[in-house]
Every structure is written in structure tokens, then in C-alpha cells.
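This report concerns only the one structure given below.
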Number of protein chains: 2
Amino acid sequence: MRLSRYFLPILRETPKEAEIVSHRLMLRAGMLRQESSGIYAWLPLGKRVLDKVCAVVREEQDRAGAIECLMPTIQSAELWRESGRYDDYGKEMLRIKDRHERDMLFGPTNEEMITEIFRGYVRSYRDLPLNLYHIQWKFRDEVRPRFGVMRSREFLMKDAYSFDIDQDGARHSYNKMFVAYLRTFARLGLRAIPMVADTGPIGGNLSHEFIILADTGESEVFGHSDYLEKDIPGENAPFDDRAKLQSIVDHWTSLYAATSEKHDQAEFSKVPEKNRLSARGIEVGHIFYFGTKYSEPMKAVVAGPDGKELPVHMGSYGIGPSRLVAAIIEASHDENGIIWPEDVAPFRVGLANLKVGDAVVDAACETLYQGLGKAGIDVLYDDRDERPGAKFATMDLIGLPWQLVVGPKGLASGEVELKHRKTGEKHTLSPESALARLTG
Amino acid sequence: MRLSRYFLPILRETPKEAEIVSHRLMLRAGMLRQESSGIYAWLPLGKRVLDKVCAVVREEQDRAGAIECLMPTIQSAELWRESGRYDDYGKEMLRIKDRHERDMLFGPTNEEMITEIFRGYVRSYRDLPLNLYHIQWKFRDEVRPRFGVMRSREFLMKDAYSFDIDQDGARHSYNKMFVAYLRTFARLGLRAIPMVADTGPIGGNLSHEFIILADTGESEVFGHSDYLEKDIPGENAPFDDRAKLQSIVDHWTSLYAATSEKHDQAEFSKVPEKNRLSARGIEVGHIFYFGTKYSEPMKAVVAGPDGKELPVHMGSYGIGPSRLVAAIIEASHDENGIIWPEDVAPFRVGLANLKVGDAVVDAACETLYQGLGKAGIDVLYDDRDERPGAKFATMDLIGLPWQLVVGPKGLASGEVELKHRKTGEKHTLSPESALARLTG
């Protein structure tokens, strides 16, 4: 992408309304614009990151056997009356009347709707287990939305729903998502700790929040510091082996880790003092097992092996990709701007032409731009007629992993500069070597 | 994907409520489920097709220089009061009050919001032209939604918005989208005719609807039959050359073609009788040039070359990917089911194991399944313990371009069968040759 033809509205000033660093940087880097309180438009750079986050989430859901569908945003209130949650949900639910005065709502979550879909088709235990997920916009009408997309009213959520014939099966489905979440966050460059958590309006008695530590976190969390060092399950994690998967989950839940609602000071004090983590945390994922809470009232039953009908055991599993974009920035930035992990960077390489209009520099940049493009690497080519300082500042601010700097002086001795955003390391090398290194 | 682990709820009965063939086939093929009147959930097979349609739309938007962003679904009524459209829009607009009693709405289109974004950042003609698009769910509260996703209330729309310093520039932006649309529909296997159209609530004085002919079309259309034979502009269409692009558009608008609202019987009668097309049509795209209709009241101005501020000239360009899925089926099916064009097929190959449990057949299928997967080809592997007739019927119904049939008799003589869904042609060949042909 040529920056001269792109839409990247960088802000020079730090917006006053932004209280946390991710919100400030997203506004400054031209990723985001507020349209109403807690409602944001994703500008092109932000949209690219959001898409990359979703791609990672999707890959790991698919790997764990979940199947993607897509439910609508607007739901009928009838469904929520069936489960008994319509009145429970309070003012966070955005209630709507359509032109025929029917009660509708903007979905804050989808337990009811997915249960309705399930009961519409599935009749036998032989069709289980089943895990359906979608990535769709949700709305929760928070009283005081803040922190940008970290706590917005309209937000993107990946929510998965598992169906099993019994509690053992449901536990295995839960464990698959548990492991998928560990892998997802690790790929996003985040170290998330699964913590025993409250189940809130979703319900059930088994639940973990995945928490990353950050000073700007919304809540206090407590845990064992060894969680920060544990190995993440690999691509070939034993998703189909109940016992092996359970042992991975056991390993990841053997030490103390709890959100403030579930905190037990007596238990925490048994953690060796040097390992006691007490910090602010950001919730990046939340998983639930809630048994037959929805299947019973909504009559989502299947015939078991003996022909008798049983309500299915369910769980639900949420990750907010829009919030994750902010969480990644909270975890990865410096005083100059964002530092994107490779998997979610909006472009992998920023190519800076330090003398636009100089035939030699233009030609060298063009060759590099085409070469990187042919190798399938996303490049943002700064071909604007701007001074070098402004180009460097922009590149640092938007945080692309690699900066490739091409100027007349370097080229005179056959050299360009390759800078790694994260480490700050700079290498001077020939354009050909730079290309080889980036495409290798 | 193994069908035994997939969620493909095929219906045996033809649903009574479905009036048109696309709706019937989408319900029967397990692509879609109605959740409320005019509101649908996309089941996994449907979601895959929707994604592929979006991918084609996106590629052609990008090729024409449009830049993707993503605006929220919920908008503030204030914005619509600025343009004066809040009261105009009538009951089709889904109006909402949030918990603080602020007037909000579910966006039926985004002219106001994109104008607000533009005016927030762009100050100079040097930053033009600019074309921003997004693919987002919209809501229009139709009195009588029907025909499934062909006329639903919640629907997916790709809407692009162009900004130019003057009318000439805006016309060029319009032409880019015109050509992008011709290419998009052709790639989706559709022959769309651009027709002079009414501008309705969007406004402006230049507008084309892209119409495909179908007996189930919602409106009457009139045109010259030569439009059905014209060559579609290639990948390297001269998007940056104003004169050349205009000549392509001139070529595509030189003959008579009009929707019923714009129909002129006197002009139509000048078309040679043998070329007079009078038919039902389905609108699959609609493009508008409306000048300063939004930029003037909303004060979206830029400084021109002489420093004087001028309101920008705008256009908007809509395609409905959810409706397109239905339109493609209307245009491409037979009595046995759907016939997907290659670019949008949910899977390219259906692999049918005719004797699950037979070690030789299972092994041959496994080899083919792995081989196709390695070559990056989407395969749906029917590994269920079902009779062959049911498998054939399912494959025909869901319309994958290629069916690869593996049974014990054929394998005994080293052969499998490859069937092309569209032509019905069958070839008997070795598993290796089948693999080579599909991956070649």
C-alpha cells in the first residue's frame, strides 16, 4: 500500500479524552474514531489489525474443532423470555421495538439463540459433541463506557457454544477451548493467566477468565508468578484425547490464580511469598460451563444411547477481538508508539523513501516495494513528500515490525537501513540483502 | 472438513414458507435459519459462501483503489439531523433509545457517518481523491420482509463512499466503482446489466442499478439484449486513466437499459425489436453520485488549490453480499440443488466415501483428503455411515463444483469417479489422476 493513496490520519496532539495508553495510541495512529459514547469506527489501519486478530482467533477455534457460523445482531425478546434472562439482564441490554411494536434487542451474547438453533436440528447424541462459534458485533449499554475499545458499548466478540450429552463430555469441550485460548493469546504476543472467575449473568459453576497483567487493568487479580513462565501447548495439542487434554488443563490450573470476586486470601497466603502476584489485570477471554441452564428451560434435548431424551450440557466461550487490539497495545508499546507482534501487525514492513522525487531513490524503493509484494509481504510504502523526521516518527508510532529506510546517501554506497521496531536494532545492508532477509 | 464433524443440517422436506427457489435451497442445504421475521442466522455452509462473496467484493474494491474501514452498526440520531434525513427516512429506520434516553438508530446506510469521519481529518484537496468502504450489517425495517436473505431486514452491505474536489473527479470515482462492479458480478458468475435508476432516499442525479435477470426478480426492467454479451473489463482495467475509463463506461451505457422507475417507452421502442429485453430483474448493486448533498449541510469542506474552501463532491456505492448469495442461487441451480460458481463454492470438492468402514476405501479416501488439503483445496469429506443415494443427493443439493466418489467396486479396478456438478460430466480415473486434475 502506498501511503500517498492510503488513509492514515495521524494526530500530532495527544487527545485529551483518552485516559489509557492504548486509547491514546489508537487515536494518534489513526486507527480509531469515536462516533458516539462507547461506539467507534475502525479506520483502515485499525481495521487491518482487527482482521488479523480475528484470523488468529479463528485459526485456533478451527484447530480445536469449533465450527464457524454467523448469528444476527438483532434478536427477538421472546427467546430471552424462554430462558428467563430477559428481565435479569437490566439496562445493559439495548432494547428495541420494531415497526410492528415487537420487542427486540441488540444481542449482548447468544446463549439463547444458539440453543434455539441447536434444538431446531439436533435430535441424537450421535451428532454430539458440537461446538459452534461466530464473530459478531455485540452491544452492552454500559453506564460509563471508557478506555476506548477496551470498554466500549458496541464491541466485536467471538463467542463459541458447546453441546454435549453429559458433564464429562462438556468438560472435555471446555478443556478444548481452554487450550485453544492459551494458544490464541500466546500467538497474539500476550501472556494470559487462566483465573478462577465468577460466572455473572451467564451462569454455571465452572468458569475461567483469561487475564493479562497491566497497570491499566480494570480489576485486581491474584496468582502464582510461575504462570508467567509456563510452556504454551503446541499446534498438535491432543484435542481429541480426553485424559491428555485434562492433564494440560490440570497443569494450568494447579497453582493459585483468581480474580478479585473469587479471591481467597487464606489460599493465596499459601503461595510462597516470592511467587505471590498481586496486580491489575485485563480480562481478554472468559469461558463457562453451565450445564443445562439453557437447555432445560428451552427444551434442547437429544435422544441418548437408550433412546431417552436428555437436555444437553452446554458451555460458552468468549473472546473480544476489538478489546484485544487495545490489550495488545497496553502490553506492547514504548514512548514512541505501538510495537505490533508480527502476527497482528497491520503491515509487516514500513518502507520509507527519504527523498521522493530523486530518481535513484524512487527506483530503489519501487524495486523493494514490488519485491516484497511479490513475496506476499504486506508493505506500507511511505512515498509522501515529507521530511525524514516525520516519516520516522510515523513509522515508530504505527509500530510496524520492520522499517526499511532508503535515502540518497546510503544508496550512493549501495546501502539501505533495516530497523527492527521492537529491539531498535539497525542494520545497514544492500537492498538485495534487505529483501532477502525480509522474504527469507 | 469431515462431514461427521461438521454441522450441515440438511432438510428433507421443502419448507413451506419459502416462496422462491434460492430461499428454499438455502433452507434445505442447511445454509440458513430464520431467527425472526427478516432476520437470519447463517449456518456454517452459508457462512462459508458469504465469506467467499465478501472476498471477491473486497478484492475488486481494493483493485479500484477503495480503502477498507469499518463503521459501527449503531449511529447517533444527531448525525442524521445534521443532514436532514432523520425525519425523511420513515419507519424503515430502526430507531433506538439508549439507557440515557439518547436517540440512536441501527444504520440503514452510512453517508452521514462517513461524512463526519471525512470532515474530522481531511483539510486539503491534495488528500483527494479518497474512497472508503466497509462491509457491515445494516438494518431496514421492511413492512413485509420475504424471500429469505433476498429481502431481509438485517442484511450485510458493502458500502463505499468517494470524496473528490469537483464533479469531474467525482465522475471518475463513480466510473471506477462502475467498472469494479462489472468485474465483481462477473466473477460471481452473474451477468449484471447497469441500468439508469432512481436515486430514492440517497439522493443525487446520477445513478445506476446493476440488475440480473431472473423470473423471481422484484421489479420489471427494460434493456438492450446486447448487454448480455458484452466483454467484461479485465484485471488491468485502466482505473487511473480518466479518459479510457470513461470510454469503458460509455460503452456500457450506450444502449438502452432502465429500471421501471426510469423507463421511457418512447426510447425503448427505438431498440430493434429482436433486441428488446423486457424482464424481471434483481438489483445486486446500486451506485450514486450526489455531489454536495451531504457535504454542504455537514460542512465537509477542503481547501482547493487557491486556498478557498469547497464542499467535496461525493458518491456512494452499495453491494449486498447477503442478498448476492441468494441471487447467485437464483441464477445457478437445477432440480437437484445449487450449482456454485468456483469462486464462491463453500468447498471446491465433495469427497464421498461409499463404504465407510471398508479399510481399502477408507485409506483411499484418506489419501485423497490429505492430498487435496495439502494443495490448499477446500474439501468436504462425507465420511458418514450413510447409503450412497443419500450422499449423492446431499452433494447435488449443496452444489460443490466437483464430486469425487470412491467406492469398493471402482477401487477394485483402481478407479474413482469425478463428477462435475455443473455439466454432469463423469470421468472414471485413477485416484492419482483425480488428485492431479483437481490440484493441477
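The values are calculated or read from the model by the stated rules, or taken from the named source; none is laboratory data. Just so it is clear, the model here is predicted, and its values are computed rather than measured. As a convention, Cβ positions derive from the backbone with ideal geometry for all residues, glycine included, and neighbour counts pool all protein chains shown. Keep in mind that these areas ignore ligands, DNA and RNA; they rest on the heavy atoms of the full protein, side chains included. Shrake-Rupley method; radii C 1.70, N 1.55, O 1.52, S 1.80 Å.
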Exercise for the section: Give the angle, between 0 and 90 degrees and rounded to the nearest 10, that separates the Cα long axis of helix A:359-374 from the longest principal axis of the Cα atoms of chain A. Expected result: 30 degrees
Completion exercise
GNM on chain B, Cα springs under 10 Å; top mean-square fluctuation among B:GLN34, B:GLN265, B:GLN75 goes to B:GLN265
Practice task
Please report, in Å, the Rg and the Dmax of segment A:250-328, where both are computed over Cα atoms only.
Solution key: 18.9, 56
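When N counts the residues of segment B:394-440, how does its alpha-carbon radius of gyration compare numerically with 2.2 N^0.38 Å, as a ratio?
Rounded to two decimals, the normalised Rg is 1.13.
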Practice task
For chain B, with a Gaussian network of springs between Cα atoms less than 10 Å apart, report the residue from B:ALA41, B:ALA160, B:ALA375 with the top mean-square fluctuation.
Solution key: B:ALA375
Practice task
Per DSSP H run of at least 4 residues, take -39500 (n - 2.57); add these up for chain B, divide by its residues and hand me the 222 nm value, nearest 500 deg cm²/dmol.
Solution key: -9500 deg cm²/dmol
Practice task
For chain B, find the longest principal axis of its Cα atoms and tell me its angle to the long axis of helix B:321-331, 0 to 90°, nearest 10.
Solution key: 60 degrees
Practice task
Quantify, in whole percent, the carbon and sulfur part of the accessible surface of segment A:9-338 (1.4 Å probe; protein heavy atoms only).
Solution key: 44 percent
Practice task
Find, among the trypsin sites (Lys or Arg not before Pro) in segment B:110-143, those assigned to loop by DSSP (not H, G, I, E, B) with at most 15 other beta-carbon atoms within 10 angstrom.
Solution key: B:ARG123
Practice task
Please state, rounded to one decimal and in Å, the Kirkwood hydrodynamic radius that segment A:347-439 gives when every pair of distinct Cα atoms enters the mean of 1/r.
Solution key: 12.8 Å
Exercise for the section: Between the label point of B:GLY424 and that of the same position in each other copy, find the distances and list them shortest first in nm, with every label point placed 7 Å from Cα along the Cα-to-C-beta direction. Expected result: 7.3
Exercise for the section: For segment B:1-64, state which GluC sites (Glu not before Pro) are in a DSSP loop and have at most 13 other beta carbons lying within 10 Å of their beta carbon. Expected result: B:GLU13, B:GLU17, B:GLU19
Completion exercise
In whole percents, the bins of 20 Å from zero upward hold the Cα-Cα pairs of segment B:9-338 as 30, 58, 11, 0
Completion exercise
Taking the alpha-carbon centre of each part, the distance from segment B:274-326 to segment A:211-274 in Å is 53 Å
Handout entry: Chain B residue with Cβ closest to the axis mapping B onto A, distance in whole Å
Key = B:ILE96, 3
Handout entry: Efficiency of FRET from Cβ geometry, B:ARG102 and B:ARG144, R₀ 30 Å, rounded to 0.05
Key = 0.50
Handout entry: Virtual spin-label span in nm between A:LYS308 and B:LYS230, 7 Å along Cα→Cβ
Key = 6.9 nm
Fill in the blank from the handout: Simple spin-label estimate for B:ASP166/A:ASP62, 7 Å along Cα→Cβ, in nm, reads 4.9 nm
Fill in the blank from the handout: The answer for GluC sites (Glu not before Pro) in segment B:331-440 that fall in a DSSP coil and have at most 13 neighbouring Cβ atoms within 10 Å is B:GLU335, B:GLU425
Exercise for the section: Provide the convex hull volume over Cα atoms per residue for the protein assembly as shown, in Å³. Expected result: 185 Å³
Exercise for the section: Could you pull out which residues in segment A:131-155 have an amide N less than 17 Å from a spot 7 Å beyond the Cα of A:ASP51, following the Cα-Cβ vector? Expected result: A:135-136
Practice task
Can you list the distances in nanometres, one decimal and ascending, from the B:GLN265 label point to the identical position in each other copy, with the point 7 Å along Cα to Cβ?
Solution key: 8.9
Problem - Accessible area buried, both sides summed, chains A and B with 1.4 Å probe, Å² - result: 4900 Å²
Fill in the blank from the handout: FRET efficiency for B:GLU296 and B:ASP378 from the Cβ-Cβ distance with R0 = 51 Å, rounded to 0.05, comes out at 0.55
Exercise for the section: For A:ASP231, go 7 angstrom from Cα along the Cα-to-Cβ vector, then report the distances to that same point in the other copies in nm, smallest first. Expected result: 6.1
Practice task
Considering the convex hull of the alpha carbon atoms of segment B:1-78, report its projected area averaged over all viewing directions, in nm², one decimal.
Solution key: 8.7 nm²
Fill in the blank from the handout: Expected unfolding gain across A:GLN246-A:SER124 under the 0.36 nm per residue rule, minus the alpha-carbon gap, is 41.3 nm
Practice task
Report the charge-dipole magnitude of segment A:347-439 in Debye, nearest 20, computed about the Cα centre from +1 at each Lys and Arg Cβ and -1 at each Asp and Glu Cβ.
Solution key: 300 debye
Completion exercise
Scaled by the rule-of-thumb 2.2 N^0.38 Å, the alpha carbon Rg for segment A:113-219 gives a ratio of 1.24
Practice task
Compute the Rg to Rh ratio over segment B:203-250 from the alpha carbon atoms, using the Kirkwood formula for Rh, and round to two decimal places.
Solution key: 1.03
Problem - Difference of contour (0.36 nm per residue) and Cα-Cα distance, A:ILE10 to A:HIS427 - result: 147.4 nm
